[in-house]
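Accompanying notes for the structure given below.
The values are calculated or read from the model by the stated rules, or taken from the named source; none is laboratory data. This structure is a prediction, so every number in the text was calculated from the model and none was measured. Glycine also receives a Cβ, built like all others from the backbone with ideal geometry; neighbour counts cover every protein chain displayed. Accessible surface areas use protein heavy atoms only, side chains included; no ligands, DNA or RNA. Shrake-Rupley method; radii C 1.70, N 1.55, O 1.52, S 1.80 Å.
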Amino acid sequence: MNVHLLRSPELNEETYRNVLQLLQNFQGPMHFIACEEEIIEETINSNERIWNKKEEFERLEVNSFAVQESRKSSAFTIKFPYRERVKSWKQLFAACDTYRKTKEISQNDLVVLLTDISNELNWFGGVSPNMKNYFIQTSNWEHFFGNTIDIRFPIAYEVIIWAMRYFMFENNVAIMNGVHKKPIGYIMDFCEDKSQIIIKMRTADVCDTCMNHFKERDTPTLYTRQFFEILDGIRNSMTFRSRSSLLQQPSRLEIRGHSRKIFFTDLGGLELRLNPKEKAIYLFYLNHPEGILISHLQDYKEEITQLYSRFSNQSEPDIINRAIETLINPLDNDINVVLSRINAKIKKAVGESLFDYYCIGGERGDRKKIRLDRELITYNIDLIYFRFIKKMSKLFFHKINN
Ligand SMILES: [Zn+2]
């Protein structure tokens with residue numbers, strides 16, 4: 001089954017790509033597909049709403065359920081009164097339908113709109129009456145999890161929860177009857193008090209009754225397995241991140257493929273996206289655990305040029321050469337600009353607590369170096385070539401043995 005993830009124009013593109021990539025990390029019958037963005041219209045029709053009180057903001061609206069008594073206070077980052085853009089559920093699902101029509105998407109596929117714009121009932125996400133269209137709100141997560149949260153996790157988590165509900169329940173009414181109105185710490189808790197989502201995400205567990213919904217509706221095992229792998233993966237990455245500074249344990253790093261993409265293995269496979277120049281410099285410093293003075297970079301011109309030519313779209317040797325000359329010229333500020341851009345991207349990716357392990361650090365005039373234990377780096381490169389060699393040698397030995 002295909003799950004099309006749509007990016008609403010106001011949603012940050014990097015957040016969108018990170019969520020998509022996180023979900024795509026887990027293999028299974030569900031395929032998460034990126035949207036073709038030009039199809040989704042600018043959102044002009046949203047209204048504005050003002051939240052005067054935190055308590056109201058943290059509560060989603062339901063007509064018939066009793067208000068939960070206990071209310072936990074969470075990290076407070078939003079100042080009230082707080083204004084936000086809001087749309088009706090109808091408007092949100094209409095965006096899904098437009099995309100379906102334009103792209104001629106199969107009736108069997110799910111379409112999930114990711115949007116920063118809030119919705120009339122203040123839900124984290126919702127489903128259309130035909131159970132085929134969904135929306136997930138991508139904003140405000142910092143309010144519930146604090147500013148250190150990597151918002152990929154709750155967003156991806158919501159995508160999975162709604163996909164699970166698609167399999168567990170026949171329609172909207174069944175969903176409302178099936179979810180736990182009293183939160184019991186399982187993932188199908190209906191968080192009328194939105195701050196309870198934190199408990200839900202930490203357990204990532206499904207109760208027996210909910211497991212039975214899967215069985216009753218003959219959900220193929222491969223789907224349920226994929227759901228649980230994603231939920232566990234999200235939980236582990238979240239826990240890893242929050243414990244890592246305490247345990248002094250940074251995530252492993254994987255350098256993958258011909259273009260040497262850089263991934264944080266234990267942080268849900270988050271990619272560190274660097275431009276060609278930044279990547280050349282970062283990999284260069286990874287290759288030199290001893291550290292290199294900026295004024296000595298000129299001695300490594302060949303190595304840096306080789307790295308840069310691999311990533312740059314530029315094939316003109318003269319232009320590459322000039323770019324590197326500028327980069328390693330100690331009298332030019334270029335290298336400092338590149339270093340601070342790399343470090344800013346690292347901080348954004350791994351957060352304050354892990355930053356020191358990965359940044360290119362060192363006092364002014366000192367050697368610059370990356371502190372990370374190189375044992376934590378795996379190079380997964382030229383895989384196809386290795387597979388080919390392995391296969392050939394197997395064939396070869398097979399022949400001699402017979
Ligand atoms: Zn349950």
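Rounded to the nearest 10 degrees, what's the angle between the helix 221-247 long axis and the longest principal axis of the chain, both from Cα atoms, 0 to 90?
Tilt of helix 221-247: around 60 degrees.
For Ile377, list long-range residues whose amide hydrogen, built 1.01 Å from N in the peptide plane, is under 5 Å from its own amide hydrogen.
Leu253
Can you compute 3J(HN,Hα) from phi for each residue in the range 8-19, using the Karplus curve 6.51 cos²θ - 1.76 cosθ + 1.60 with θ = phi - 60°, rounded to whole Hz and x for Gly and Pro?
Going residue by residue, I get 5, x, 7, 6, 3, 5, 5, 4, 4, 5, 5, 5 Hz, with x marking Gly and Pro.
Quick one: 3J(HN,Hα) in Hz for the range 307-320, Karplus 6.51/-1.76/1.60 with θ = phi - 60°, rounded, Gly and Pro as x.
5, 5, 4, 5, 9, 6, 6, 6, 10, 6, x, 4, 5, 4
Using the heavy atoms of the protein chains and a 1.4 angstrom probe, tell me the accessible area per residue for the range 193-308 in square angstrom. Don't jump to the answer; show the numbers that get you there.
On the way: 5310 Å² over 116 residues.
Accessible surface, normalised per residue, equals 46 Å².
Around Cys359, which amide H atoms from residues at least 5 apart in sequence, or from another chain, sit under 5 Å from its own amide H, with H modelled in the peptide plane?
Arg371
About its Cα centre, what dipole magnitude does the range 234-360 give when the only charges are +1 on Lys and Arg Cβ and -1 on Asp and Glu Cβ, stated in debye to the nearest 20?
Taking the Cα centre of the range 234-360 as origin, the dipole is about 760 debye.
Using Cα springs under 10 Å in a Gaussian network model of the chain, which residue among Pro317, Pro154, Pro183 shows the largest mean-square fluctuation?
Comparing Pro317, Pro154, Pro183 in a Gaussian network model of the chain, the most mobile one is Pro317.
Roll a 1.4 Å probe over the protein heavy atoms and report the accessible area of Met176 in Å², nearest 10.
For Met176, solvent-accessible area is about 40 Å².
Amide H neighbours of Cys207 under 5 Å, counting only residues 5+ apart in sequence or on other chains, H built in-plane at 1.01 Å?
Excluding prolines and chain starts, which carry no amide H, the hits are Ile187, Met188.
Cα-based Rg of the chain per 2.2 N^0.38 Å, rounded to two decimals?
Details: Rg = 24.5 Å, N = 402, 2.2 N^0.38 = 21.5 Å.
Normalised Rg, Cα atoms only: 1.14.
Starting from the residue with the highest accessible area, list Asp232, Asp334, Asp356 in decreasing order, probe 1.4 Å. Spell out each step's value before the answer.
Values: Asp232 60, Asp334 35, Asp356 90 Å².
Largest accessible area first, the list is Asp356, Asp232, Asp334.
Of the chain, which part is the longest with no trypsin sites (Lys or Arg not before Pro) in a loop (DSSP not H, G, I, E, B) and with at most 13 other C-beta atoms within 10 angstrom? Kindly include the intermediate steps, with their values, before the conclusion.
Details: sites that count: Lys53, Lys72, Lys79, Arg217, Arg364.
In short, 218-363.
If the cut-off is a Cα-Cα distance under 22 Å, which lysines reach Lys79, setting aside same-chain residues fewer than 8 apart in sequence?
Here the lysines satisfying the reach criterion relative to Lys79 are Lys53, Lys54, Lys87, Lys194.
Could you pull out the longest piece of the chain with no exposed loop GluC sites (Glu not before Pro) in it, calling a site exposed if DSSP puts it outside H, G, I, E, B and it has at most 10 other Cβ atoms within 10 Å? Show your work: numbers first, answer last.
On the way: sites that count: Glu42, Glu69, Glu104, Glu290, Glu363.
Answer - 105-289.
Using a cut-off of 15 Å between beta-carbons, work out the net charge of the residues near Leu247 (Lys and Arg +1, Asp and Glu -1, Leu247 not included).
Values: positive: Arg241, Arg243, Arg252; negative: Asp266, Asp356, Asp373.
My count for the surroundings of Leu247 gives 0.
Just want to confirm a number: the relative contact order over the range 185-266, from Cα pairs under 8 angstrom separated by 6+ residues, in percent. Let's see the in-between values first.
Details: 51 pairs, mean separation 15.4, N = 82.
This gives 19 percent for the range 185-266.
Relative to the longest principal axis of the chain, what angle (0 to 90°, nearest 10) does the C-alpha long axis of helix 383-401 take?
With both axes taken from Cα atoms, the answer is about 80 degrees.
When the chain is fully extended, how far beyond the present Cα-Cα distance does Lys347 get from Ser88, taking 0.36 nm per residue of separation? Walk me through the intermediate numbers first.
Working: separation 259, 0.36 × 259 = 93.24 nm, distance 3.60 nm.
That pair, Lys347 and Ser88, stretches by 89.6 nm at full extension.
Provide the per-residue ³J(HN,Hα) series for the range 169-180, in order, calculated from phi with Karplus coefficients 6.51, -1.76, 1.60 and θ = phi - 60°, each as a whole number of Hz, with x at glycine and proline positions.
10, 6, 7, 4, 5, 4, 4, 5, 6, x, 6, 7
In Å², what does the accessible area per residue of the range 74-179 work out to with a 1.4 Å probe?
Working: 3930 Å² over 106 residues.
Per-residue accessible area for the range 74-179 comes out at 37 Å².
Counting only DSSP beta bridges with both residues in the chain, what percent are antiparallel, rounded to the nearest 5? Can you show the working numbers first?
On the way: 19 of 40 bridges.
Percentage antiparallel, nearest 5: 50.
If I compute solvent accessible area with a 1.4 Å probe over the protein chains, what percent of it on the range 278-347 is carbon and sulfur?
Numbers: 1600 of 3600 Å².
Of the solvent-accessible surface of the range 278-347, carbon and sulfur hold 45 percent.
Identify which of Gly365, Gly28, Gly126 has the largest mean-square fluctuation in a Gaussian network model of the chain, with springs joining Cα atoms closer than 10 Å.
The residue that fluctuates most here is Gly365.
Before anything else, pin down the relative contact order of the chain: Cα pairs under 8 Å, at least 6 apart, normalised by residue count, whole percent.
Details: 575 pairs, mean separation 54.5, N = 402.
Contact order relative to length: 14 percent.
Apply the Kirkwood formula to the range 264-306: the hydrodynamic radius equals the inverse of the mean of 1/r over all pairs of different alpha-carbon atoms; give it in Å with one decimal. Intermediate values should be presented prior to the final figure.
On the way: mean 1/r = 0.0850 Å⁻¹.
Evaluated on the range 264-306, it is 11.8 Å.
Let me know the charge dipole size of the chain about its Cα centre in debye, to the nearest 20, where only the beta-carbon of Lys, Arg (+1) and Asp, Glu (-1) is charged.
Numbers: 55 positive and 53 negative charges, 164 e Å.
Taking the Cα centre of the chain as origin, the dipole is about 780 debye.
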